[in-house]
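Beneath this line is the structure, given in structure tokens, with notes to follow.
The values are calculated or read from the model by the stated rules, or taken from the named source; none is laboratory data. Predicted model, so just to flag it, every value in this text is computed and none were measured. In this analysis, Cβ positions are derived from the backbone assuming ideal geometry, glycine residues included, and neighbour counts consider all displayed protein chains. Protein only, heavy atoms only, side chains kept; ligands, DNA and RNA dropped before computing areas. Shrake-Rupley method; radii C 1.70, N 1.55, O 1.52, S 1.80 Å.
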Amino acid sequence: MNTVKGTVLVSGASIAGPAVAFWLRRHGFSVTVVEKAGGLRGGGYPIDVRGTALEVARRMGILPQLQEAHIETRLLTFVSADGDEVASVHPETVTGGVEGRDVEVRRGDLAEILYGATRDDVEYVFGDSIEALTEHGGGVDVTFRSGARRGFDLVVGADGLHSRTRELVFGPEQHYHRYLGYCFAGFTMPNEFGLSQEGVLWNAPGRGAALYAVKGSDTLHGFLVAARPEPPYEILRDPEACCDLIATTFAHDGWEVPAMISAMRDADDLFFDTVSQIHLPRWSSGRVGLVGDAAYAPSFLTGQGSSLALVGAYMLARSLATTGAFDAYESETREFVELNQAQVGVGDAALFPVTAEALARRDGRLRGLTTLAPESGRPAHTALVLPDPVVAAAG
């Protein structure tokens, strides 16, 4: 007869949440995932799964699906402020990836695959979120925004950079938020440029614009990135003010930037945020733990957010399954996380140089790179060797 090890509430149904739910259920826990959105968020910009995270995906049995969804960006072209080509390179020479091994998929595709692997034996509650937590000797009492109240043995916050779970347990975000000097707008727009399986990155000092064409799509992913000495916290939840800030910053720029500004204002999927990391002295407190961006967001400049989420989910669930506590997860995973957070700016081509001098140096290095893929990835991506799986306690 199967026994349930305990009940766990997971907040967030993007990447880290369903991944940790998968492993917790495999280890015999009863799992509920709550997500404030009304359903899965589809689409989304391309993300990478590489290094140790590929082994996690293999152990989950989803690696073939990821490989099938692989969008295979083949070329990354850098252009100057005037629109002239600076260099065309293989994407992995910038990202530190490994061709033929790493996978690049739409964020929404990864979320769908993870949901599909968990929906049959994990309870999903969409359109709700955690409002309050009260921990006691026997568990955690949770009050939801809907007014519902339930009790769980453990709670895992997988609710992203602006985690509500983290705020409730550890206090205001600004205590742990490390701003990296940029804000950005992301959106989709029609592919009227003839791009296919490639990215084009335009730069001026302190400003960057990128267009990514995903295989099989008639739309592009557009990004506008602006260096700012102070984070614009006061407008983060005001889409019109965010658009105005970006439009003003890029007002005198050429290339395809005016068309991108127009598309940004018309987009129904605009996403605006700071480029930031989260650094916490601990990832858990009592019966509440954090995973993925909620615990250690590395920022998109590292390209490691989804990979850290997958690895962290495996390690957290294993820790709970073997010891009933979060301690082993923290002690065994922190060095790997910190190595990958430190990849900001590592490599031969920083994506968004702030000064004219730094941009000139960057362009000089780019011209010395090649369109051939590198033979090996960055050591940080594989710095953690996964411990052996725990024998499942429940079917």
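Some points to look at:
- Residue list for region 36-53, filter: aliphatic (A, V, I, L, M) and either farther than 15 Å from ILE113 by Cβ or open to solvent by less than 20 Å² (accessible area, probe 1.4 Å) (or both): ALA37, ILE47, VAL49, ALA53
- Verdict on VAL86 being aliphatic (A, V, I, L, M) and in contact with an Asp or Glu (Cβ under 6 Å, 6 or more places away or on another chain): yes
- If you go through region 319-361 and keep only what is farther than 22 Å from VAL49 by Cβ, part of a helix (DSSP H, G or I) and among the hydrophobic types (A, V, I, L, M, F, W, C), you end up with LEU320, ALA321, ALA328, ALA356, ALA358, LEU359, ALA360.
- Test: SER306 is out of contact with any Phe, Trp or Tyr (no Cβ under 7 Å at 6 or more places or on another chain), of a type in the set (S, T, N, Q) and buried (at least 23 other Cβ atoms within 10 Å of the Cβ): yes
- Checked against the criterion of being part of a strand (DSSP E or B), touching an Asp or Glu at 6+ places or on another chain (Cβ under 7 Å), buried (at least 16 other Cβ atoms within 10 Å of the Cβ) and polar (S, T, N, Q), region 90-101 has no qualifying residue.
- Note on region 135-176: residues that are within 26 Å of ARG237 (Cα to Cα) and in a loop (DSSP other than H, G, I, E, B) amount to 12.
Yes/no matrix, rows are residues, columns are (1) surrounded by fewer than 13 Cβ atoms within 10 Å (Cβ to Cβ); (2) out of contact with any Asp or Glu (no Cβ under 9 Å at 6 or more places or on another chain); (3) hydrophobic (A, V, I, L, M, F, W, C):
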residue: GLY138; (1), (2), (3): yes, no, no
residue: VAL142; (1), (2), (3): no, no, yes
residue: GLY147; (1), (2), (3): yes, no, no
residue: VAL156; (1), (2), (3): no, yes, yes
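- Test for GLY303: is it over 30 Å from ALA209 (Cα atoms), modelled with pLDDT under 95 and not aliphatic (A, V, I, L, M): no
- Here ILE261 meets the list (1) touching a residue at least 40 places away in the same chain (Cβ under 8 Å); (2) outside any strand (DSSP E or B); (3) not small (Gly, Ala, Ser) almost entirely, failing just condition (1).
- The listed residue being aliphatic (A, V, I, L, M), closer than 19 Å to LEU76 by Cα and modelled with pLDDT under 95, out of LEU224, LEU195: LEU195
- Here region 239-253 is the region considered, the condition is being charged (D, E, K, R) and out of contact with any strand residue (DSSP E or B) (no Cβ under 9 Å at 6 or more places or on another chain), and the residue that is most open to solvent (accessible area, probe 1.4 Å) is GLU240.
- Residue pairs meeting the criteria (Cβ under 6 Å; at least 6 apart or on separate chains; first over 13 Å from GLY186 (Cα atoms) and outside any helix (DSSP H, G or I), in region 229-249; second of a type in the set (S, T, N, Q) and open to solvent by less than 70 Å² (accessible area, probe 1.4 Å)): PRO231/THR274
- Selection within region 165-202: residues that are out of contact with any strand residue (DSSP E or B) (no Cβ under 7 Å at 6 or more places or on another chain) and within 18 Å of LEU220 (Cβ to Cβ). The member of this set that is surrounded by the most Cβ atoms within 10 Å (Cβ to Cβ) is GLU192.
- Residue within region 213-228 that is in a strand (DSSP E or B), of a type in the set (Val, Ile, Thr) and open to solvent by less than 20 Å² (accessible area, probe 1.4 Å) present: yes
- Number of positions in region 103-136 that are in contact with a Ser or Thr (Cβ under 7 Å, 6 or more places away or on another chain) and surrounded by 19 or more Cβ atoms within 10 Å (Cβ to Cβ): 4
- Out of VAL31, VAL56, sole residue that is under 18 Å from the mean Cα position of the chain (by Cα), among the β-branched types (Val, Ile, Thr) and surrounded by 20 or more Cβ atoms within 10 Å (Cβ to Cβ): VAL56
- Inter-residue pairs, beta-carbon under 6 Å, first more than 12 Å from HIS279 (Cα to Cα) and in region 290-309, second open to solvent by 10 Å² or more (accessible area, probe 1.4 Å) and among the aromatic types (Phe, Trp, Tyr), 6+ apart: none
- Meets criteria (in a helix (DSSP H, G or I), crowded, with 18+ Cβ neighbours inside 10 Å, at pLDDT below 90 and more than 15 Å from the chain's Cα centre (by Cα)) for LEU316: no
- THR73 vs. criteria closer than 15 Å to GLU104 by Cα and out of contact with any Ser or Thr (no Cβ under 8 Å at 6 or more places or on another chain): yes
- In the set ALA69, ALA81, ALA87, only one residue is small (Gly, Ala, Ser) and under 19 Å from GLN304 (Cα atoms); that residue is ALA69.
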